[in-house]
Structures are given as C-alpha cells and as structure tokens.
Amino acid sequence: MKNPLTWFEHTPLGQAYFARSESDLIVIASVAALFLLSILWLLAWKPVFDWHSDAVSRMETAQSSLDYLKANEALARRAASQTADQSGSLMPLVTRAANAQQLNLNRLQPEAGGVLNVFLEGQSFDRVFQWIAQLEQNNGIRVRTLSVRGSDAPGAVNVQVRLYGGGG
C-alpha cells in the first residue's frame, strides 16, 4: 500500500497543491487547519461544552429546589398532615359509597378546610342523590354546594358537589 501523501501527490488536486509556491502552501495549510479546527469545534467541543453548561444549570436548579424543600419541610409536613386529617378520611368514604351505588367518579379534588370537590358525568340522577343521602346518613358528610346539569342521555346528569365533614 502506498503512503497516503505519495498517493495524494499523484491526484489532480495534489498536483495543483504541490505546484504552488512555498508561501501559498503555508496559506493553504493554515486555511485547512483553521477549517479542520472549526469543524472539530462545531462537531465535538461545542456540543460537549453546551451539554456541560446545561447539566450545571439543571444541577443548580435542582439544588435550589432541594434547599427550598429542606427549608420548608416541617411546614409542608404539618400542612400535609392537616389536609390528610381533614380530607384524607373523606376521600375513601366518598369513593366507597360511590362504588356501592355503582357511580363513576370522574374527578376528586381535595381543597383547603377539609372540603372535597367531586365531579360526576353522565350518571343516573336517582343513584347520585341516593349516594349523597347515604353519605349524609351513614358518614355525616355534608353538601356545601351542589351543581346539577342535564346530560345527553335520558335520566343522566353531570354533577359537581363540594362535600365536607364526615368521619363518623
């Protein structure tokens, strides 16, 4: 196998290159080296540097979040235990009672002060009101607000109800 430089000398490009003066060869070699360094920068160094900068930024953001969480941990635990005490026991009671009435709860949304916002869509009017009566009679859960809208199906309604109390 021939030496790559010897092979290059015999190509038309190589002949044109080596036919140049010494100063032209230096300029061409300098431009080629600059071009190769630019390609190396664009394809290797810059992506690695950008990735590193992004990683450092993500790490600083995560550290800031962790510091905030650590500083407010006691307050968050206290608030979570109060919410669990107020609405945490309400949610399973509401869900069990809905299952007993064969109702599909579309969304349960706990709110401050032990209030539980419940959304039902396309449910039987009779079953919904039997469910609400059962919650009040069996569990002491009260209705704060109730919104009933008709549904496309006959006898079906869309309901939003805010419940509170319970536990006994």
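The values are calculated or read from the model by the stated rules, or taken from the named source; none is laboratory data. These numbers come from a predicted model, not from an experiment. Don't worry about glycine lacking a Cβ; one is built from the backbone with ideal geometry, like all the others, and counts go over all protein chains shown. Each accessible area value is taken on the protein alone, full model and side chains, heavy atoms only, with ligands, DNA and RNA left out. Shrake-Rupley method; radii C 1.70, N 1.55, O 1.52, S 1.80 Å.
Scanning region 116-135 for residues that are under 27 Å from the mean Cα position of the chain (by Cα) and either open to solvent by 70 Å² or more (accessible area, probe 1.4 Å) or hydrophobic (A, V, I, L, M, F, W, C) (or both) yields Leu116, Val118, Phe119, Leu120, Glu121.
Once region 136-168 is narrowed to residues that are open to solvent by less than 60 Å² (accessible area, probe 1.4 Å) and more than 16 Å from Asn106 (Cβ to Cβ), the residue that is modelled with the highest pLDDT is Val143.
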